[in-house]
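*Asks:* My questions all concern the structure below.
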Amino acid sequence: MPAQFDSPPAKARRPRRGPRKATADYLRNSALHYLERYATSSAHLRRLLMVKVARSAAAHETDAEAGAAEVEALIRRLEGQGLLDDEQFAQARARTLHRRGNSARAIRGALAEKGVGSEAIEAALQALAEEIGEPDLAAALRYARRRSLGPYRAAPARAEMREKDLAALGRRGFGYDLARRVIDAQDAEEMEASDGAGRVR
(Lines give C-alpha, C1' and ligand atoms only; values in the text may rest on other atoms or scores of the structure.)
Protein backbone atom coordinates (compact mmCIF):
# COMPACT_ATOMS: atom_id res chain seq x y z
CA MET A 1 0.00 0.00 0.00
CA PRO A 2 1.52 3.35 -0.97
CA ALA A 3 2.58 5.56 1.85
CA GLN A 4 0.14 8.24 2.85
CA PHE A 5 1.43 11.77 3.30
CA ASP A 6 -0.35 14.55 5.00
CA SER A 7 -0.93 17.48 2.67
CA PRO A 8 0.76 20.67 3.85
CA PRO A 9 -1.53 22.97 5.71
CA ALA A 10 -3.04 25.69 3.58
CA LYS A 11 -1.52 29.08 4.18
CA ALA A 12 -3.79 31.22 6.19
CA ARG A 13 -4.82 34.29 4.28
CA ARG A 14 -3.93 37.54 5.90
CA PRO A 15 -7.03 39.53 6.69
CA ARG A 16 -7.38 42.57 4.47
CA ARG A 17 -6.44 45.68 6.33
CA GLY A 18 -9.12 48.32 6.31
CA PRO A 19 -8.65 52.01 5.66
CA ARG A 20 -6.30 53.85 8.00
CA LYS A 21 -7.52 56.67 10.17
CA ALA A 22 -6.93 59.95 8.36
CA THR A 23 -4.89 61.60 11.08
CA ALA A 24 -2.78 64.66 10.33
CA ASP A 25 0.40 62.55 10.48
CA TYR A 26 -1.03 59.89 8.20
CA LEU A 27 -2.17 62.42 5.61
CA ARG A 28 1.19 64.22 5.67
CA ASN A 29 3.15 60.99 5.34
CA SER A 30 0.89 59.80 2.52
CA ALA A 31 1.34 63.06 0.66
CA LEU A 32 5.13 63.05 1.04
CA HIS A 33 5.35 59.41 -0.01
CA TYR A 34 3.33 60.16 -3.15
CA LEU A 35 5.41 63.22 -3.99
CA GLU A 36 8.60 61.19 -3.66
CA ARG A 37 7.33 58.93 -6.43
CA TYR A 38 5.31 61.21 -8.69
CA ALA A 39 5.12 64.79 -9.84
CA THR A 40 1.56 66.04 -9.53
CA SER A 41 -0.69 69.05 -9.24
CA SER A 42 -2.21 70.45 -6.08
CA ALA A 43 -5.71 69.48 -7.22
CA HIS A 44 -4.73 65.90 -8.00
CA LEU A 45 -3.01 65.42 -4.65
CA ARG A 46 -6.02 66.96 -2.92
CA ARG A 47 -8.32 64.44 -4.64
CA LEU A 48 -6.14 61.52 -3.53
CA LEU A 49 -6.04 62.71 0.06
CA MET A 50 -9.76 63.39 0.17
CA VAL A 51 -10.40 59.77 -0.83
CA LYS A 52 -8.48 58.75 2.29
CA VAL A 53 -10.50 61.19 4.37
CA ALA A 54 -13.78 59.78 3.03
CA ARG A 55 -12.73 56.18 3.62
CA SER A 56 -11.60 57.02 7.14
CA ALA A 57 -14.91 58.69 7.89
CA ALA A 58 -16.81 55.63 6.65
CA ALA A 59 -14.66 53.07 8.47
CA HIS A 60 -13.77 54.92 11.68
CA GLU A 61 -16.40 57.67 11.90
CA THR A 62 -13.70 60.32 11.82
CA ASP A 63 -14.79 63.89 11.13
CA ALA A 64 -14.80 64.36 7.35
CA GLU A 65 -14.96 68.16 7.59
CA ALA A 66 -11.98 68.26 9.93
CA GLY A 67 -10.14 65.93 7.56
CA ALA A 68 -10.90 68.18 4.61
CA ALA A 69 -9.61 71.19 6.54
CA GLU A 70 -6.42 69.29 7.36
CA VAL A 71 -5.95 68.41 3.70
CA GLU A 72 -6.31 72.07 2.69
CA ALA A 73 -3.80 73.17 5.31
CA LEU A 74 -1.40 70.45 4.19
CA ILE A 75 -1.69 71.46 0.54
CA ARG A 76 -0.92 75.08 1.47
CA ARG A 77 2.15 74.01 3.48
CA LEU A 78 3.48 71.84 0.66
CA GLU A 79 3.01 74.70 -1.80
CA GLY A 80 4.80 77.07 0.57
CA GLN A 81 7.70 74.63 0.83
CA GLY A 82 7.93 74.34 -2.95
CA LEU A 83 7.00 70.65 -2.93
CA LEU A 84 3.86 71.41 -4.90
CA ASP A 85 4.10 73.83 -7.81
CA ASP A 86 1.41 73.68 -10.48
CA GLU A 87 3.32 75.85 -12.94
CA GLN A 88 6.46 73.72 -12.77
CA PHE A 89 4.41 70.55 -12.95
CA ALA A 90 2.47 71.83 -15.97
CA GLN A 91 5.62 72.81 -17.87
CA ALA A 92 7.38 69.51 -17.18
CA ARG A 93 4.30 67.49 -18.05
CA ALA A 94 3.68 69.51 -21.21
CA ARG A 95 7.22 68.79 -22.42
CA THR A 96 6.82 65.07 -21.70
CA LEU A 97 3.49 64.86 -23.51
CA HIS A 98 4.88 66.84 -26.44
CA ARG A 99 7.82 64.46 -26.80
CA ARG A 100 5.27 61.63 -27.05
CA GLY A 101 3.65 63.34 -30.03
CA ASN A 102 0.68 65.03 -28.36
CA SER A 103 -0.90 68.18 -29.76
CA ALA A 104 -1.41 71.35 -27.75
CA ARG A 105 -5.10 70.46 -27.59
CA ALA A 106 -4.33 67.04 -26.12
CA ILE A 107 -1.80 68.52 -23.69
CA ARG A 108 -4.34 71.10 -22.55
CA GLY A 109 -6.88 68.36 -21.90
CA ALA A 110 -4.42 66.14 -20.04
CA LEU A 111 -3.34 68.97 -17.75
CA ALA A 112 -6.94 69.98 -17.09
CA GLU A 113 -7.71 66.39 -16.06
CA LYS A 114 -4.95 66.69 -13.46
CA GLY A 115 -6.66 69.77 -12.07
CA VAL A 116 -4.15 72.31 -13.38
CA GLY A 117 -5.67 75.78 -13.72
CA SER A 118 -6.08 77.50 -17.06
CA GLU A 119 -3.39 80.12 -16.37
CA ALA A 120 -0.76 77.48 -15.57
CA ILE A 121 -1.79 75.48 -18.65
CA GLU A 122 -1.47 78.47 -20.97
CA ALA A 123 1.87 79.40 -19.41
CA ALA A 124 3.14 75.87 -20.03
CA LEU A 125 2.02 75.93 -23.65
CA GLN A 126 3.55 79.38 -24.13
CA ALA A 127 6.86 78.13 -22.72
CA LEU A 128 6.70 75.19 -25.12
CA ALA A 129 6.09 77.54 -28.05
CA GLU A 130 9.06 79.69 -27.04
CA GLU A 131 11.28 76.62 -26.74
CA ILE A 132 10.08 75.03 -30.00
CA GLY A 133 9.10 77.13 -32.96
CA GLU A 134 5.95 75.22 -33.94
CA PRO A 135 5.13 72.71 -31.19
CA ASP A 136 2.18 71.10 -32.98
CA LEU A 137 4.14 70.60 -36.17
CA ALA A 138 7.03 69.07 -34.24
CA ALA A 139 4.70 66.79 -32.27
CA ALA A 140 2.78 65.69 -35.36
CA LEU A 141 6.01 64.82 -37.17
CA ARG A 142 7.25 62.92 -34.16
CA TYR A 143 4.02 60.96 -33.92
CA ALA A 144 3.93 60.30 -37.68
CA ARG A 145 7.50 59.05 -37.61
CA ARG A 146 6.83 56.75 -34.66
CA ARG A 147 3.70 55.31 -36.29
CA SER A 148 5.15 55.27 -39.83
CA LEU A 149 2.45 57.56 -41.21
CA GLY A 150 2.48 59.64 -44.38
CA PRO A 151 6.01 60.41 -45.57
CA TYR A 152 7.37 57.72 -43.24
CA ARG A 153 5.46 54.98 -45.06
CA ALA A 154 6.81 52.90 -47.91
CA ALA A 155 5.83 54.62 -51.15
CA PRO A 156 3.45 51.94 -52.53
CA ALA A 157 1.12 52.14 -49.50
CA ARG A 158 1.26 55.86 -48.92
CA ALA A 159 -1.56 56.99 -51.22
CA GLU A 160 -3.79 54.10 -50.19
CA MET A 161 -3.38 54.88 -46.47
CA ARG A 162 -3.59 58.69 -46.76
CA GLU A 163 -7.09 59.09 -45.31
CA LYS A 164 -6.38 56.72 -42.43
CA ASP A 165 -3.16 58.57 -41.68
CA LEU A 166 -4.98 61.90 -41.66
CA ALA A 167 -7.57 60.45 -39.30
CA ALA A 168 -4.83 59.13 -36.99
CA LEU A 169 -3.43 62.63 -36.57
CA GLY A 170 -6.93 64.02 -36.15
CA ARG A 171 -7.60 61.63 -33.27
CA ARG A 172 -4.39 62.86 -31.69
CA GLY A 173 -5.82 66.37 -31.59
CA PHE A 174 -4.12 67.91 -34.62
CA GLY A 175 -6.12 70.14 -36.96
CA TYR A 176 -6.87 69.04 -40.51
CA ASP A 177 -4.63 71.61 -42.18
CA LEU A 178 -1.62 70.60 -40.08
CA ALA A 179 -2.37 66.90 -40.52
CA ARG A 180 -2.52 67.35 -44.29
CA ARG A 181 0.71 69.34 -44.22
CA VAL A 182 2.48 66.46 -42.48
CA ILE A 183 0.89 63.52 -44.28
CA ASP A 184 1.35 65.09 -47.73
CA ALA A 185 4.91 66.27 -47.06
CA GLN A 186 7.34 65.32 -49.80
CA ASP A 187 10.43 65.70 -47.64
CA ALA A 188 9.80 65.01 -43.96
CA GLU A 189 13.47 65.32 -43.07
CA GLU A 190 13.56 68.86 -44.43
CA MET A 191 10.44 69.70 -42.45
CA GLU A 192 11.94 68.19 -39.28
CA ALA A 193 15.06 70.27 -39.73
CA SER A 194 13.05 73.45 -39.96
CA ASP A 195 12.64 75.85 -37.04
CA GLY A 196 9.32 74.24 -36.24
CA ALA A 197 10.53 70.70 -35.62
CA GLY A 198 14.28 70.39 -35.53
CA ARG A 199 14.62 71.38 -31.88
CA VAL A 200 12.60 68.52 -30.42
CA ARG A 201 14.93 65.64 -31.21
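The values are calculated or read from the model by the stated rules, or taken from the named source; none is laboratory data. Worth saying up front: this structure is predicted, and the values here are computed from it rather than measured. Cβ: placed from backbone, ideal geometry, glycine included. Neighbour counts: every protein chain shown.
*Asks:* Among the listed residues Ala139, Ala185, Ala127, identify the single one that is farther than 24 Å from Tyr38 by Cβ and either touching a Gly at 6+ places or on another chain (Cβ under 7 Å) or modelled with pLDDT of 95 or more (or both).
*Replies:* Exactly one residue qualifies, and that residue is Ala185.
*Asks:* OK, next. Is it fair to say Arg105 is surrounded by 16 or more Cβ atoms within 10 Å (Cβ to Cβ) and among the charged types (D, E, K, R)?
*Replies:* No.
*Asks:* Turning to a different aspect of this structure: Which count do you get for residues in the stretch 114-166 that are acidic (Asp, Glu) and under 14 Å from Leu97 (Cβ atoms)?
*Replies:* 2
*Asks:* Within the stretch 55-62, can one find any residue that is closer than 30 Å to Asn29 by Cα, surrounded by 14 or more Cβ atoms within 10 Å (Cβ to Cβ), in the same structural domain as His33 (by TED's automatic domain parsing) and among the acidic types (Asp, Glu)?
*Replies:* No, the conditions are met nowhere in the stretch 55-62.
*Asks:* Give just the number: which of (1) of a type in the set (Val, Ile, Thr); (2) over 18 Å from Ala39 (Cα atoms); (3) within 21 Å of the chain's Cα centre (by Cα) does Val53 not satisfy?
*Replies:* (3)
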